[in-house]
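As structure tokens, the structure follows; a few thoughts come after it.
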Amino acid sequence: MAETIFTSKATVEGGREGHVRSDDGMIDVNLEQPGSGSSKSGSNPEQLFASGYAACFDGMLNLQASKKNKDVSSKTTAAVSLQKDESDGMFQLAAELTVEISGVSKEEADELVDLAHQYCPYSKATRNNIEVKVQSEVK
């Protein structure tokens, strides 16, 4: 069994139109169903997942760059979509990561993105489970 480094907890009441709060209070937001017509404002599970995936991926990218002695600047944007699952009529997720990198060539950027995608815990968790597209842009 793997050694646990840390554990984060969050509790939701009311599902997709409820409220989420992390155990430490750092996340404490209302949830709203996009397109529901509600006048309330709030986040949604896909937005929260996108935030976590982008942060984790960008961190892994920078770790891989440092291992290769590359001085880079990066910005990762994750777009997480809720889709209709054709196989059962329910729902599925898809993700697209766009990574802007400066300080390396396009070939080096692609290599770093591939390494990050190989080792990022979110990428590992989603591999063969949801469609994930990853692309790099050199700035």
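None of the figures in this text is laboratory data; all of them are computed from the coordinates on show. A quick note: this is a predicted structure, and the numbers were derived from the prediction, not measured. Please note: Cβ atoms are built from the backbone with ideal geometry, for glycine as well, and neighbour counts cover all protein chains shown.
When you scan the stretch 87-107, do you find a residue that is under 20 Å from SER8 (Cα atoms) and hydrophobic (A, V, I, L, M, F, W, C), even just one? There is no residue in the stretch 87-107 that is under 20 Å from SER8 (Cα atoms) and hydrophobic (A, V, I, L, M, F, W, C). Among the numbered conditions (1) farther than 20 Å from LYS139 by Cβ; (2) loosely packed, with under 14 Cβ neighbours inside 10 Å, the only one that SER66 does not meet is (1). Taking the condition charged (D, E, K, R), over 20 Å from the mean Cα position of the chain (by Cα) and under 24 Å from ALA94 (Cα atoms), does GLU17 pass? So GLU17 passes the test.
Among the residues of the stretch 121-138, the one identified as under 20 Å from PHE91 (Cα atoms) and touching a His at 6+ places or on another chain (Cβ under 7 Å) is SER123.
The stretch 61-139 holds strands (runs of 3 or more DSSP E) entirely within its bounds, and those carrying 3 or more residues that are among the polar types (S, T, N, Q) map to 73-84, 91-102.
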